[in-house]
Amino acid sequence: MLDKTATSAPTLTLGDLRVTCHSDGHLLIPASFFPDADPLEKKKVTPHTRFGANTWLIETGERTILVDAGSGDWLKARYPQTGLLGWQGEDLTEKRGRVTDIIITHMHADHIGGLSAGGTSLFPNAELHVQAAEWDYWTDEALINSVAEDRKPLVGLIQALARPIESQVTLHSGEKDLGGGVLLFPAPGHTPGHQAVHLSSGSKEVYLLADVVVSDALQFANPEAVYALETDPELAAATRKFLFERLAFERTPFAATHLNETGFGCLKKQTGGFRFEAL
Ligand SMILES: [Zn+2]
């Protein structure tokens with residue numbers, strides 16, 4: 001556990017890999033952001049669908065790898081129950097210094113807000129792994145003028161959060177093998193360079209899906225239910241369906257950032273969609 005307010009799920013061990021989930025809190029997202037959701041399911045979660053805010057710490061023996069870092073203080077005004085990880089705390093200086101790698105699944109502020117505070121990177125010794133398509137999209141200075149008025153603050157915040165970490169970023173395209181059974185792979189749609197993580201040791205494997213699924217209440221039952229804040233909703237739905245089919249067929253355990261379940265689970269097919277079964 002990182003601090004008194006953050007909650008952590010039991011650690012999962014895969015051979016030499018140890019994965020621990022650290023929750024950064026939760027966000028209440030308007031159900032109206034899911035225009036195509038099944039009306040009955042949507043009614044159950046109106047006015048808000050609750051998003052968890054999971055991050056993970058992977059220990060390989062040689063490396064200490066974070067998968068995203070939560071919101072920091074950046075989203076508290078709108079979502080007061082975020083930023084509970086408190087990475088900026090002075091008591092965590094030593095722990096932050098031990099992080100060797102950070103996998104940035106994508107650059108939304110609820111994933112990268114915890115990487116810096118006051119314009120300074122909080123993880124001075126870490127190499128940050130980002131898809132080139134993601135970095136190039138968000139850091140393009142022309143972007144802010146090409147998005148709708150109500151998206152400008154979101155873009156402005158992401159661009160401000162990118163500056164303090166720029167010198168630590170290593171870009172890649174497609175898959176990237178970090179070694180030790182940690183593989184990054186593209187899962188586009190939520191954002192242009194959104195990526196997920198595959199962890200394996202011997203015959204054991206798990207996935208960390210990041211934002212392939214954002215609403216557990218709506219998108220397992222109906223993977224076609226698109227989320228209004230995705231950069232390419234159709235591609236996001238295609239990615240979600242492809243991965244859900246595979247996970248259900250293989251019965252491979254997975255976790256995802258916004259699930260309310262902080263641990264791992266498996267998917268089972270049901271009429272019209274899937275059902276999540278916690279492990
Ligand atoms: Zn997110």
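The values are calculated or read from the model by the stated rules, or taken from the named source; none is laboratory data. Predicted, not measured: the structure shown is a model, and the values here were computed from it. Note that each Cβ is placed from the backbone with ideal geometry, even for glycine, and that neighbours are counted across all protein chains shown. These accessible areas exclude ligands, DNA and RNA; they are computed on the full protein's heavy atoms, side chains included. Shrake-Rupley method; radii C 1.70, N 1.55, O 1.52, S 1.80 Å.
Could you say which residue among Leu85, Leu57 is in contact with a Leu (Cβ under 7 Å, 6 or more places away or on another chain) and part of a strand (DSSP E or B)?
On the way: Leu85 fails: part of a strand (DSSP E or B).
Only one candidate qualifies: Leu57.
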Test: residue in the range 195-205 that is touching a helix residue (DSSP H, G or I) at 6+ places or on another chain (Cβ under 8 Å), open to solvent by 10 Å² or more (accessible area, probe 1.4 Å) and away from the ligand (no atom under 16 Å from the Cβ): no
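For the range 40-70: of the residues being on the phi > 0 side of the Ramachandran plot and within 20 Å of the chain's Cα centre (by Cα), which is farthest from the ligand (Cβ to nearest atom)? Give the derivation first.
Taking the range 40-70 and keeping what is on the phi > 0 side of the Ramachandran plot, we get 61, 68, 70.
Okay, now just the ones that are also within 20 Å of the chain's Cα centre (by Cα), so 68, 70.
Numbers: Asp68: 8, Gly70: 10 Å.
Result: Gly70.
Which one of these is within 16 Å of the ligand (Cβ to nearest atom), among the hydrophobic types (A, V, I, L, M, F, W, C) and open to solvent by 30 Å² or more (accessible area, probe 1.4 Å): Leu229, Leu235?
Numbers: Leu235 fails: within 16 Å of the ligand (Cβ to nearest atom).
Every option except Leu229 fails the conditions.
Every residue in the range 238-256 that is within 15 Å of the ligand (Cβ to nearest atom) and either open to solvent by 10 Å² or more (accessible area, probe 1.4 Å) or closer than 16 Å to Phe34 by Cα (or both), please.
So the first thing to find is which residues in the range 238-256 are within 15 Å of the ligand (Cβ to nearest atom), and the list is 239-240, 255-256.
Those that are within 15 Å of the ligand (Cβ to nearest atom) and either open to solvent by 10 Å² or more (accessible area, probe 1.4 Å) or closer than 16 Å to Phe34 by Cα (or both): Thr239, Arg240.
Would you be able to say whether some residue in the range 71-78 is among the acidic types (Asp, Glu) and closer than 26 Å to Pro253 by Cα?
No: zero hits.
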State which residue is most open to solvent (accessible area, probe 1.4 Å) when the search covers only the range 57-83 and only residues that are in contact (Cβ under 8 Å) with a residue 60 or more places away in the chain and hydrophobic (A, V, I, L, M, F, W, C). Trp74
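If I go through the range 24-39 residue by residue, how many of them are open to solvent by less than 20 Å² (accessible area, probe 1.4 Å) and either within 13 Å of the ligand (Cβ to nearest atom) or aliphatic (A, V, I, L, M) (or both)?
Filtering the range 24-39 down to residues open to solvent by less than 20 Å² (accessible area, probe 1.4 Å) leaves 24-25, 27, 29, 31, 34, 37.
If we keep only those that are either within 13 Å of the ligand (Cβ to nearest atom) or aliphatic (A, V, I, L, M) (or both) too, we end up with 24-25, 27, 29, 31, 37.
So the answer is 6.
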For the range 84-120, give me the residue count where each residue is more than 16 Å from the chain's Cα centre (by Cα), under 29 Å from His48 (Cβ atoms) and open to solvent by 30 Å² or more (accessible area, probe 1.4 Å). 2
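Can you tell me which residue in the range 103-137 is nearest to Arg151 (Cα to Cα), limited to those that are within 16 Å of the ligand (Cβ to nearest atom) and β-branched (Val, Ile, Thr)?
First, the residues of the range 103-137 that are within 16 Å of the ligand (Cβ to nearest atom): 103-115, 130-131, 134, 137.
When the remaining residues are screened for being β-branched (Val, Ile, Thr), the result is 103-105, 112, 130.
On the way: Ile103: 25, Ile104: 21, Thr105: 20, Ile112: 17, Val130: 22 Å.
Filtering the range 103-137 for residues that are within 16 Å of the ligand (Cβ to nearest atom) and β-branched (Val, Ile, Thr), the one nearest to Arg151 (Cα to Cα) comes out as Ile112.
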Which one of the conditions (1) more than 16 Å from the ligand (Cβ to nearest atom); (2) surrounded by fewer than 18 Cβ atoms within 10 Å (Cβ to Cβ) does Leu154 fail to meet, given that it meets all the rest? (1)
Name the one entry in Pro233, Pro253, Pro223 that is within 25 Å of Met107 (Cβ to Cβ), under 17 Å from the mean Cα position of the chain (by Cα) and of a type outside the set (Gly, Ala, Ser). Pro233
